[in-house]
Structures are given as structure tokens and as C-alpha cells.
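The values are calculated or read from the model by the stated rules, or taken from the named source; none is laboratory data. Just so it is clear, the model here is predicted, and its values are computed rather than measured. Backbone-built Cβ (ideal geometry, glycine too); neighbour counts: all protein chains shown. To get the accessible areas, we keep the full protein, side chains included, count just its heavy atoms, and leave off ligands, DNA and RNA. Shrake-Rupley method; radii C 1.70, N 1.55, O 1.52, S 1.80 Å.
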Amino acid sequence: MSSAVGCRPAASSDKEKAMTVIRHYQMTAINGREDELKSALILLAQKVIAMEGCVDLQLFQDQKAPDTFIFIEHWRSLADHEASGKKLGREAFSEVMAAVSAPPLTRCLEPVGQLAPDM
């Protein structure tokens, strides 16, 4: 979950968010190891959110497929994301990788706009 292959800084009209990097990971637990994966992801999230440049982190469990988890990281820059992966090291991801049925599906996401409800 530390690789930034194919990632590039997102384009945005907002200067403060011009370098936002959003990493999206989808993981499926080995059958019967959903709680183990959830616990490992929570521990990993605590480590990642404390890293320099991580501005937000979200963890979701699919309600209809409880073996599936979505892990979303928001980074100030690609450099911050890459540095965090190096600093955390492979050990930080070992418990997660031991509980997944296949390598995580990864995406680099780029904001295309922001909507807010009318007030």
C-alpha cells in the first residue's frame, strides 16, 4: 500500500489543494478473517494518519460484502506519500497483507469538482 506507481499530483483550481494525491485501496479478506483484516487496517490507519503530509484517511467496510474494505488516503503531495511508504516500511503492512485474499486493488484519484448542498 506504499507504492505510488502511476500516481501524479492531481490538478485543481484551488491552490491549496493543487497537489492533493488521493490513494484508494480495495481489499478483500481471506474467508473467515474479516475481523483480523479490519483490526490490521485500523492499526495501519493510525500509523498512516500520523505521517507528515497525510491530510485525511478514511476506512470503510462494505455493508453487502463485509469481507471487502476500502482504505482512502489523502496526501498533501506525491512526495509526502512516497516518503511515508519508505518511512513506514514493509513491516507496517505485513498484518494487512497476511489477511487479504489477493493484492489490494489500487487507484490514484484526482478530484474533478466539489459539490456542497445548498444552504
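Largest accessible area first, the listed residues 67, 118 line up as 118, 67 when surface is computed with a 1.4 Å probe on the assembled protein chains.
The mean sequence separation of alpha-carbon pairs under 8 Å and at least six residues apart, normalised by the residue count of region 54-119, gives a relative contact order of 21 percent.
In percent, rounded to a whole number, the relative contact order of region 23-97 is 36, using alpha-carbon pairs under 8 Å and six or more apart.
Is any residue of region 90-119 close enough, with backbone N under 18 Å, to a label point placed 7 angstrom from the Cα of residue 31 along the Cα-Cβ axis, and if so, which? Those under the cut-off are 99-103.
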